[in-house]
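What follows is a single structure, written as structure tokens, with notes after it.
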Amino acid sequence: MPKNLVIVESPAKAKTIEKYLGPDYQVKSSYGHVRDLVKKDLSIDLEHNYAPIYKVSEDKTKVVTELKKLAKAAEVVWLASDEDREGEAIAWHLKETLGLKDDKVKRIVFNEITKSAILNAIENPRTIDQNLVDAQQARRILDRLVGYEISPILWTKIKTGLSAGRVQSVAVRLIVEREEEVKNFQSTPYFRTIAEFKLPKETKTLQAELSKRFEKEEESEKFLKDCISATFTVNAVEKKPAKKSPAAPFTTSTLQQEANRKLGFPVAKTMVVAQQLYEAGLITYMRTDSVNLSSFALSMAKEEVERVYGQKYVKTRNFTTKTKGAQEAHEAIRPTQLSVHNIDGDASQKRLYELIWKRTIASQMSDAELEKTDIDIAISNRKETFSAHGEVVIFDGFLKVYLESQDDENDESTEKVLPALSVGQTLETDKINSTQQFTQHPPRYTEASLVKKLEDLGIGRPSTYAPTISTIQKREYVVKEDRDGYLRPYIVLSLTKNNLEKATKTAKTDFEKNKLFPTDIGTVVNSFLVENFDTILDYNFTAKVEKDFDQVASGSKKWEKVIDTFYKPFHETIEFTSKNSKRASGERLLGVDPKTGKNVYAKIGRYGTLVQIGETKSEEKPQFASMKKGQSIDTITLDEALPLFDLPRNTGTFEDKDMIVAIGKFGPYIRHDNKFYSLPKTEDPYTIEGKRCIEIIRQKRIADIEKEKLKALLPRELGEYEGGKISINTGRFGPYFIYKEKNHRLPKGTDPLTVTLDEVIPLLSKGSKTKK
């Protein structure tokens, strides 16, 4: 038995590290946290200084049993979880759960999985930093208190199944408020005027824009008429050198933003792929808000830039972190070996690695040298002037490798060469166009711009951006989608060879791609929380809490004090809101039903958005109908709402029994002969015909017969493994296997009649159970 047991968070990391340590070291994985607050109750002792009540997770009992056995046999246990607060907490939980004494435990950290980094960590162990553990505990406890106490109020005041969170609710608020800005924005027209000037002895023309934008068509038309008799003279030519500097190496936030802009990766995908690269030893630790590079990395970058691009491209830089409340003295995200330009892996891994490599190398390269040219053209009978701006790259520097993207950037090239002109030179126009354009509403958030906004406000930390954005989408408070926009007419006034013409054209506007939109539920929940829990939803408060956690991490504040300061006034608000707040439904009056003369409303009900005919408090019970996917309380019209009451509808008879199509708690279905048949997602309950209903009923009957045949052949014994029998059975959610009286999922598509013992045993390590 090896003398040393090294415990890391993931099995992939364990494999990589085991290569670097000799036979005296055994590397095992804890598969993340081994214990947490109990899910079923608050798990915080409010009477005893907010003491957390932890329990080993059900799916980690086997892992913990194995680690206890190995730890008991080892002389030294090395806790090698990640180098951040979460990692420190995992190390502490392992020490507590495994019952390890201080003299047997060594804590090691590294920000890259390379042989030198691992061996250096072994040579420089430390003890568990309790301040970092307390900072993580404080975040976990405060977030549990917020979620556990607010969520039940949302269930009674809006609908069941809702939840609130300290950071997620603030993120939703940002998206809801931006949507309000977009809806309230009044777009105003203006005319942008661009002239094309002839150049002597050249086939090309010079494009220049008028310094003034006209608000009215008449003003634009008057200007163009004046141009018929005008003389155009070069008033000024100014050339000046400029430079462009590279962006800093990646932090978690900037990596998420750039991967979203350049590669189209959702934030969650970026973190999954980065984790894979880190665990394979290819990049440094991917949760960091530092832009620093180690002296080793700086010398490695200098050597690589000089080798590949030459000495004139080298410029060593030390960047400083400007992020609010930056924590943990990590390095920026960089390749572990800058001499490795490309890696083996899947397409996503290759693309993300290349992005990280380019950003790191570019940060240590020379500035780009530019020449900027400004030309000013006077109009003899007007005070306005035309201006042309050019920018030419004299020396590309870091641009040879990489240029940072911007949110909502256009595709126009920055390089524009202007012709050589002299002051006093007279120019003739080929054409002058004055095109009507419209002011644009503030842009909706993408995942990248939302991360940037949260970071700018000091809300959340590197480890929280991805789960926050995933959570608000899973909760269906926010959707990420494309929207088509609409065609809008615009006017073009053209002056060509003294001939003035007017044309009306159309262009698609408000097209949105991969933008975040609040749902009806998200909007109503946000309004309720802002009205009743304004402190929690306050951006400054949320940022202040993060600073409190930072002070706990540095040892200047006690975590219990941070929680106590927050909890007492918060709990009073909870009790007041529970008793006094009104039910929120986002109700909106659509009009009057022509058949009954009753009001028609759109609102949120117990199971989602619906429309209602009649008053809730009247003696006569109102009629309800669920909204279709894509319909919204804010936008649905009376004409769109009334057809929703056509359900339930009779689509005909089959075997002398009616087929009734309706929508229930679990979605649309057909009722036939007192049996229920779910409609596939591809079918519309409002338009499905009887013939298709018969097909669905027959298909379900055939599937039921097959299930019955399968049930007759199961359960099926496979054999024994580590003192427990393994058998196969099938149930409501499909085939599964039973081991030591616990049910585990079988992968989709597994044939329960042919699967073997050898195929099932590896599934036990996943600890995956069937839904209860």
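The values are calculated or read from the model by the stated rules, or taken from the named source; none is laboratory data. Treat the numbers as computed from the prediction; the structure is a model and nothing was measured. Every residue, glycine among them, receives a Cβ derived from its backbone with ideal geometry; neighbour counts consider all protein chains shown. Accessible surface is based on the protein model in full, side chains and every heavy atom, while ligands, DNA and RNA are left aside. Shrake-Rupley method; radii C 1.70, N 1.55, O 1.52, S 1.80 Å.
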request  = Set the Förster distance to 35 Å, then compute FRET efficiency between THR535 and ARG35 from the Cβ-Cβ distance, nearest 0.05.
outcome  = 0.65
remark   = Beyond 25 Å (Cα-Cα) in this structure, taken from LYS312/LYS372; LYS201/LYS243; LYS40/LYS62; LYS452/LYS568, we find LYS201/LYS243; LYS452/LYS568
ask   = So what's the back-of-envelope 222 nm ellipticity for the chain, counting only DSSP H runs of four-plus at -39500 (n - 2.57) apiece and dividing by all residues, rounded to 500?
value = -10500 deg cm²/dmol
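Any of LYS159/LYS513; LYS3/LYS101; LYS159/LYS544 with alpha carbons more than 20 Å apart? Name them for me.
On the way: LYS159/LYS513 30 Å; LYS3/LYS101 16 Å; LYS159/LYS544 31 Å.
Where the Cα-Cα span goes over 20 Å, the pairs concerned are LYS159/LYS513; LYS159/LYS544.
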key: Under 18 Å from the Cα of LYS657 - lysines, other chains or at least 8 residues apart   = LYS675, LYS691, LYS700
message = Can you tell me which aspartates and glutamates have their Cα less than 15 Å from the Cα of LYS558? Leave out same-chain residues fewer than eight positions away.
response = ASP129, ASP134, GLU546, ASP548, ASP550
task = Compute the separation of the alpha-carbon centres of segment 497-544 and segment 1-44 and state it in Å as a whole number.
result = 44
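Restricting to Cα atoms and excluding each atom paired with itself, what does the Kirkwood estimate give for segment 164-320 in Å?
Numbers: mean 1/r = 0.0443 Å⁻¹.
When all Cα pairs of segment 164-320 are included, the Kirkwood radius is 22.6 Å.
Between beta-carbons, use under 10 Å as the cut-off and find the net charge around LYS3, counting Lys and Arg +1, Asp and Glu -1. The partial results should precede the final answer.
Numbers: positive: none; negative: ASP24, GLU75.
Result for the neighbourhood of LYS3: -2.
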query = In segment 506-623, if every C-alpha pair distance is counted and binned at 10 Å from zero, what percent goes to each bin?
reply = 10, 24, 24, 21, 13, 6, 1
note = With every protein chain in place, the accessible area of GLU620 for a 1.4 Å probe, in Å² rounded to the nearest 10, comes to 120
key: Potential extension, LYS502-SER581 segment - 0.36 nm per residue separation minus Cα distance   = 22.6 nm
remark   = Partner aspartates and glutamates whose C-alpha sits under 16 Å from that of LYS244, ignoring same-chain residues fewer than 8 away, are ASP367, GLU369, GLU371, GLU391, ASP396, GLU404, GLU415
inquiry  = Given the C-alpha atoms of segment 244-389, compute the convex hull and give its volume per residue in Å³.
reply    = 163
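Can you give me the % of accessible surface on segment 81-134 that is carbon or sulfur? Probe 1.4 Å, all protein chains present, nothing else counted.
Numbers: 1030 of 2310 Å².
Ligands and nucleic acids excluded, carbon and sulfur reach 45 percent.
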remark   = Of the listed pairs LYS222/LYS508; LYS55/LYS740; LYS315/LYS453; LYS60/LYS95; LYS15/LYS104; LYS19/LYS104, those with alpha carbons more than 19 Å apart are LYS222/LYS508; LYS55/LYS740; LYS315/LYS453; LYS15/LYS104; LYS19/LYS104
GluC sites (Glu not before Pro) within segment 116-215, DSSP loop, no more than 13 other Cβ atoms inside 10 Å = GLU202, GLU215
note = Counting only protein heavy atoms and leaving out ligands, DNA and RNA, the solvent-accessible surface of THR535 at a 1.4 Å probe, in Å² to the nearest 10, equals 80
inquiry  = Given N residues in segment 600-758, what is its alpha carbon radius of gyration divided by 2.2 N^0.38 Å?
reply    = 1.47
key: Accessible carbon and sulfur surface of segment 237-358 relative to its total accessible area, %, 1.4 Å   = 49
inquiry  = Can you give the local net charge around TYR20? Use residues other than it whose beta-carbon is closer than 12 angstrom to its beta-carbon, Lys and Arg +1, Asp and Glu -1.
reply    = +2
request  = Evaluate the Debye formula for segment 449-498 with equal point scatterers sitting on the alpha carbons, no solvent, and hand back log10 of I(q)/I(0) at q = 0.22, 0.23 Å⁻¹, in q order, two decimals.
outcome  = -0.90, -0.93
ask   = What residues qualify as long-range amide H neighbours of ARG382, i.e. H under 5 Å apart, gap of 5 or more or another chain, H built at 1.01 Å from N?
value = none
ask   = What FRET efficiency comes out for the pair SER554/GLU512, r = Cβ-Cβ distance, R0 = 41 Å, nearest 0.05?
value = 0.45
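Per residue, how many Å² of accessible area does segment 184-237 show with a 1.4 Å probe?
Per-residue accessible area for segment 184-237 comes out at 61 Å².
Leaving ligands and nucleic acids out of the surface, order HIS341, HIS441 by accessible area at 1.4 Å, largest first.
Numbers: HIS341 55, HIS441 35 Å².
Heavy-atom accessible area, descending, gives HIS341, HIS441.
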ask   = Over what distance in Å are the Cα centres of segment 236-295 and segment 633-695 separated?
value = 50
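Using only the Cα atoms, work out Rg/Rh for segment 115-175, with Rh taken as the Kirkwood radius, to two decimals.
Details: Rg = 19.4 Å, Rh = 14.8 Å.
For segment 115-175, the value is 1.31.
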ask   = What is the set of long-range amide H partners of TYR54 at a cut-off below 5 Å, with H atoms built 1.01 Å from backbone N?
value = none
request  = Within segment 624-675, report the chymotrypsin sites (Phe, Trp or Tyr not before Pro) that DSSP leaves as loop and that have at most 16 other Cβ atoms within 10 Å.
outcome  = PHE666
query = Which value, in Å² and to the nearest 10, is the accessible area of ASP456 when all protein chains are kept and the probe is 1.4 Å?
reply = 80
Descending semi-axes in Å of segment 411-551, equivalent ellipsoid built from Cα gyration tensor = 47, 23, 14
inquiry  = Under a crude label model (7 Å from the Cα following the beta-carbon direction), how far is ASP751 from GLU404 in nanometres?
reply    = 5.7
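Using only Cα atoms, what is the ratio of the radius of gyration of the chain to 2.2 N^0.38 Å?
Working: Rg = 32.7 Å, N = 772, 2.2 N^0.38 = 27.5 Å.
Against the empirical 2.2 N^0.38 Å value, I get 1.19 for the chain.
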ask   = Going out from 0 in 10 Å bins, what whole percent of all Cα-Cα distances in segment 156-233 drops into each bin?
value = 13, 24, 17, 13, 13, 12, 7, 1
request  = Provide Rg over Rh for segment 385-474; use the alpha carbon set for both Rg and the Kirkwood Rh (inverse mean inverse pair distance).
outcome  = 1.15
